[in-house]
Every structure is written in C-alpha cells, then in structure tokens.
Amino acid sequence: MATKPHNPAPLSLVEAAHVKETLDRVLASPAFRKSDQCQRFLRYVVEHSRSNPDELKERTIGVEVFGRHPDYDTAEDPIVRVRATEVRKRLSQYYGETTRPEDVRIEIPSGAYRAEFCSSESPAPAAARVKSRPRWTIAVFAVAALVAVFSAMLLLTRRTPPPPDVLDRFWAPVLQGEKPALLYCGQPVVYFLSRDVHERFRSRLPADQLRGSYVLKLGARTTIKGSDVIPVTDQFVGIGNAHTASMLAMLFAARRKMVEIRYANDLSFSDLRSAPSVLIGGFSNLWTLEMQRQLRFVFEQENGERRIRDRSGKRSWQLAELAPDGKTPEDYALVSRLVNSGTGQLLVTAAGITQYGTRAAGEFLTSRSLLQEALEKGSAGWSHKNLQVLLHTTVYRGTPATPTVVAVHTW
C-alpha cells in the first residue's frame, strides 16, 4: 500500500500557546529585531488571522498598523505591499537560519495578508518506504542519483558568473571608475550663545548638569542682544548626513572602492566634474539644491516652510507636525541618480526635508531589497537612465523607520 504524502496539520490541531511562543521567537530573531514596521505587521497579521481574518485588507492594515488616513491612496502609498514582501523574505531568512525545531511554522502566502500556521509533524521514515521496493528499483534510483550529481557538477563547472545584482548595477558608474567616489556632506548653520548669556543663566542648573554640553533654560520673556547670538558655519555635520556618509563608505569599502569625504566649502564644480559624486543632505547642502532645481522633484522653501514639490503637477509633500527643534514624526526624502548630469560624471543625491529623511535615503541607497522593490518593477532599463525616487519614512523616538517608496521617475 502506497504511503500518503505528509500534509501539515491545520490550525485547529495546534495549540494557541505554540503560535504565540513561535511568534515571540520570530520577532526577537536577528531577521526581525531591527525592523519595527515588520514586527508590527507580522504581529497584527498573526493575531487577526486567528481571530478576524476578514479584516486583513490592505487599507485596513495601512490604517491600523502604519497610521495611514482611512481614505489614503494605496496606489500612491504601497507601504502594506512593500512590508508584506519584506516580511515574507525575513520569515524565509529566519527558518533558513534557525536550528531550533518549531512546533508551529508561520507563513504568509504571496498575494495574501493572512498568515497560515503549520504543525511540524514528522513524515514516515524513508527506510520504511524503501524496504518494500525491489532491489532492481533501488539500483535504478542509485544510478539516476549518480547521473544527476555528475550533471550538476558539470553545469557548475561550466556556468557563467551570475549577473550583477541591483546594488552593483545602481553604483556601476562609480565602481567601474578608477577615481575615488566623492562624498560631500552639507553642513547646517548653528547658532551659539555668547559667554555673557552662559554666565547669566548657567547658575540656574544643578552642578551635575554642567559637565560637558548642557542646555540653558531661558524664560519665555527673557531678552538677549543680537550680539549674544553668534552664527557658526563650517564646523558641524547633522546626524543624518553623517549616518548616510558612513553607510555609503562601508558599501564602497566592501567593494574595494576608495572614497573621499568633503565638507563645507571644500568642494567646487571642478571637483564634481572630475569624479562620480554623492551629495548628502538637502537644505543643509547648497550643491544638492542647485543640481536638482531643474528636475521633476525639487526641494523648496517658502515663508519658512520646507517641502518637496512635483514640478509636473501641483502636488507637494511637507511636514505638518514639524516642531521648532526639528523633530517630526515623519519625513520625506529624495534620491536622485543622474547618469547624464551637467558635471559629465555620475551624480547621486541623498537628501531629506530634515536629517531623518537623509538618513532614510542612505538606508535606501545601501539596501539591496529596497532598491530591488523600487526599481525592478515598471522601470525597464533604469540602470542606463536618470532617475528620482521619492521616499517616506516614519520616525520613532528619533530614529527613522525603513523608508517606503512614494514615487519613481525615470527618463
């Protein structure tokens, strides 16, 4: 009698406690622990697949998990589809790396947002099935296996090198050139308070707060002179700019590509003409503003409000909840890649409205999965074209989440 193929036990046969334990292990694993959005997506999908599977719609998830407006345009904002794809990859990574036997396996089939749960019952031992076969059948199988192994080895010895991945294709004009890549970080203007102001107000602070840098507490009605506010240029780099520069430097170092980092006034148009360059930062980098002003997506500032505008229409993206100290719960960023720039060299820009967006742009430019998701669908021949990618990121306690693609333009 033939042995029936093994089928995973349905959810009704698996204890709910095992599902929760497995979910907790998955979320705490290296594949998930650094992605807050993927953690929230997977937890929501698993919990609602067991209780309310009918609620697992794209719009519902966008509103409940990612805080989108109930009538947001899912075609313009594909955050749910992007995160679902990423979660499937991270689940595959988890099950490929774990050595622990799981009572339950969590899967999210492609094209759906409902989680499926399978128990890990073991199939019948292979020896029991082979024992009933005639010896000649075993011999045939053995010869067939040897032929398959020999054929595979022959193919491996003759196969051509794999094509370059999306990261190498994006950065090919930089990696193939002999000159070091030029990374230029924009610098913000910082304002110092005079020594007189510090002497007047530092006495209000406890002694243990006066070590190193400290925050002066000025009253709402405190008056100071214009000479007490001192503009400082060419001395500081924003966190977002520094983070992006370090990520790009590590990317190029892994590919044995030298980089040269410049700051402040240490850059000329001749420098941009002599080597492939990356301009980091938006409103803190005048070169970024200058080189992008004729493109479709541009940075603009009017009446103190900063935004990104689509010059082909009337739409713009600004930060409605931007605080006076620069903190914001979200940010937008532009990544531009100009193969045919006015410099005659490849020119890439990575810039956000604030430093959070710049940091998210750096993550996008160094992430194989994010580039793949944005460029491999509907952008045929992008590696030989100019392109712009508009990104959105949510900021959690001062750290931007993995960016999502709002729009892609190639020409």
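Taken together, the values in this text are just the output of simple stated rules run on the coordinates, not laboratory data. Since the structure is predicted, the reported quantities are computational estimates derived from the model, not experimental observations. Cβ sites come from the backbone with ideal geometry, for glycine too, and all protein chains shown count toward neighbours.
So the values come out like this:
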quantity: Over 24 Å (Cα to Cα) - which of Lys217/Lys327; Lys34/Lys327; Lys225/Lys327; Lys20/Lys89; Lys34/Lys257; Lys20/Lys57 fall in this group; calculated: Lys225/Lys327; Lys34/Lys257
quantity: Cα-projected label distance for Ser316 with Tyr72, points at 7 Å along beta-carbon direction, nm; calculated: 2.2 nm
quantity: Relative contact order (%) - criterion: Cα under 8 Å, at least six apart; region: the chain; calculated: 14 percent
quantity: Among 270-280, 289-299, the order from most to least packed when residues are scored by Cβ within 10 Å on average; calculated: 270-280, 289-299
quantity: Ordering of 356-369, 176-189, 207-220, 253-266 by burial proxy (mean other Cβ atoms within 10 Å per residue, highest first); calculated: 356-369, 176-189, 253-266, 207-220
quantity: At least 20 Å along the helix axis (C-alpha) and Kyte average at least -0.5, DSSP helices within the chain; calculated: 135-158, 239-254
quantity: Tensor-based shape of region 30-102 (alpha-carbon gyration tensor, a/c under 1.5 rounded, otherwise prolate or oblate); calculated: prolate
quantity: Relative packing of 19-25, 40-46, which averages over residues the other C-beta atoms within 10 Å, highest first; calculated: 40-46, 19-25
quantity: Spacing of the two label points (7 Å from each Cα toward its C-beta) at Lys217 and Ser119, in nm; calculated: 6.2 nm
quantity: Sites Gln93 and Asn340, calculated FRET efficiency, Cβ-Cβ separation with R0 41 Å, nearest 0.05; calculated: 0.60
quantity: Region 197-271: C-alpha gyration tensor shape, a/c 1.5 cut-off, then a/b vs b/c; calculated: prolate
